[in-house]
1. Taking the conditions exactly as written (closer than 30 Å to residue 37 by Cα, of a type in the set (Lys, Arg), modelled with pLDDT of 85 or more and in contact with a helix residue (DSSP H, G or I) (Cβ under 8 Å, 6 or more places away or on another chain)), does residue 261 satisfy them or not?
2. Taking the stretch 281-307 as the search range and keeping residues that are outside any loop (DSSP other than H, G, I, E, B), more than 23 Å from the chain's Cα centre (by Cα) and more than 24 Å from residue 54 (Cβ to Cβ), which one is modelled with the highest pLDDT?
3. Could you check, for the stretch 236-253, whether at least one of its residues is touching a strand residue (DSSP E or B) at 6+ places or on another chain (Cβ under 6 Å), small (Gly, Ala, Ser) and on the phi > 0 side of the Ramachandran plot?
4. When the residues of the stretch 198-215 are narrowed to those that are at pLDDT below 80 and of a type in the set (A, V, I, L, M, F, W, C), which ends up nearest to residue 43 (Cα to Cα)?
5. In the stretch 240-249, what residues are at pLDDT below 95 and surrounded by 15 or more Cβ atoms within 10 Å (Cβ to Cβ)?
6. Out of 84, 113, 91, report the one residue that is at pLDDT below 75 and over 30 Å from residue 174 (Cα atoms).
7. Show the residue pairs meeting these rules: Cβ distance below 9 Å; 6+ apart or different chains; first residue within the stretch 196-212 and more than 20 Å from residue 57 (Cβ to Cβ); second residue among the acidic types (Asp, Glu) and at pLDDT 80 or above.
8. Among the numbered conditions (1) touching a helix residue (DSSP H, G or I) at 6+ places or on another chain (Cβ under 9 Å); (2) in a strand (DSSP E or B); (3) not polar (S, T, N, Q), tell me where residue 310 comes up short.
Amino acid sequence: MLGFLRLLLLVACLAALPVQATELKRAEPAERQELAVRYAKALQTELGLLQALDAIDQHAGEVDEQIVRLSVDMAAATDALHAAEKARAEAQNQLETMRVSVQARLRAILRLAQLPTLRFALSHQDFATSVAKDRLLRRLLAHDKQRLDAYRKELNDLARLTTERDAGLQKLADLDQKLHAEKARAEQERRDKLALVAEIDADRKYHERIGRDLDIANRQLTERIEALQEWSERKYTFAMLQGKLLAPVAGRIEVPYGEIRNARFGTVTLHRGLDYRPAGGAPGQTVRAVFWGKVAHIGWLTGYGQTVILDHGHGWHTVYAHLENIKVELGEVVKSRQRMAEVGQSGSLKGRYLYFEIRHNGQTVDPAEWVH
């Protein structure tokens, strides 16, 4: 679908930006052979290579999200572990204080047992003497029993806190292991993607496969836009604004609309939109609607990543691709210059940028003639 354009941009970009392409280092022959085997099916099916690249990108995105979740869990587990260890240390200190107190009290009782009065009270004589002895012992030992009970409770609390601390340590170790595994997976995804991009630039087989995929994807995109239900609630026509629209993002046009010739293979590809490289290239660059319209599509499209299509009525549509943090909803009517998303790198083969196109009745027109 919209995937055609994404890698239209790929071939376009690799052709139009030879310096960038040459920075992609090809894998060793054995690694390239392994890559070819792994993606042999993608080279044989329609849109296969585009879909394989998108699958890598989406999977890598999922792994990155998992890494973020694991990092949050690790931070929470670390905080819980520190809290448990602090509580355990406090309990241990309290227990030591109580142990000293109990020991001192027991020694005092032993010393009291040596006194004549106490020996008399503890001796076995008549009933009255036994009652007096019992009362005396109750008074002497009541407080000590409370101390012993509190001491036993502190022992149990310390054992429980130690168990919690040990469980926290194990959880932290498990999360750390999972995090390292996910990072390794993400790194493998990135290597695969870079290797495929390098092969597309250097290997005619991959390059021609992409060209065929782009043609098919272009037809699918045209059919998709033509199948959208036309929005009839409009006050002004998009056609009146040629040359008056503001760019959807602050930045420079990196790849223009039109034919792009590949210097290596001599192939010519039609780039059907504009590639905007945002100013500074930093995350968070705002993407705005060039004109008011209705959100006709939101979601991932092969080759384009996260994409928004606006219906402006009378057969006019604008396409915004490789987005992140989309702020609008399907069916929402947006105003001119309304913030819709941020420039991202979803489905992108060259980092963070915006792909933008204008279509009339499904056919592309040069956006440079419309925006200034």
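The values are calculated or read from the model by the stated rules, or taken from the named source; none is laboratory data. Since this is a predicted model, take the numbers as computed values, not measurements. Here the Cβ is made from the backbone with ideal geometry for all residues, glycine too, and neighbour counts use every protein chain on show.
1. Here the answer is yes, as residue 261 does meet what is asked.
2. Of the residues in the stretch 281-307, the ones outside any loop (DSSP other than H, G, I, E, B) are 281, 286-288, 293-301, 305-307.
Right, trim to more than 23 Å from the chain's Cα centre (by Cα) and you get 288, 293-296.
Subsequent filtering for residues that are more than 24 Å from residue 54 (Cβ to Cβ) retains 288, 293-294.
Working: 288: 97, 293: 93, 294: 93.
Per the stated criteria, the residue is 288.
3. We begin by selecting, within the stretch 236-253, every residue touching a strand residue (DSSP E or B) at 6+ places or on another chain (Cβ under 6 Å); these are 238, 245, 247-249, 251-253.
Restricting the remaining residues to those that are small (Gly, Ala, Ser) gives 247, 251.
Imposing the further condition that a residue be on the phi > 0 side of the Ramachandran plot reduces the set to 251.
Yes: the stretch 236-253 contains one or more residues that are touching a strand residue (DSSP E or B) at 6+ places or on another chain (Cβ under 6 Å), small (Gly, Ala, Ser) and on the phi > 0 side of the Ramachandran plot.
4. Looking at residues that are at pLDDT below 80 and of a type in the set (A, V, I, L, M, F, W, C), I get 210.
5. Residue satisfying the conditions is 241 alone.
6. None of the other options fit; the residue is 113.
7. Filtered contacts from the stretch 196-212: 205/199.
8. Looking at each condition in turn, residue 310 falls short on (1).
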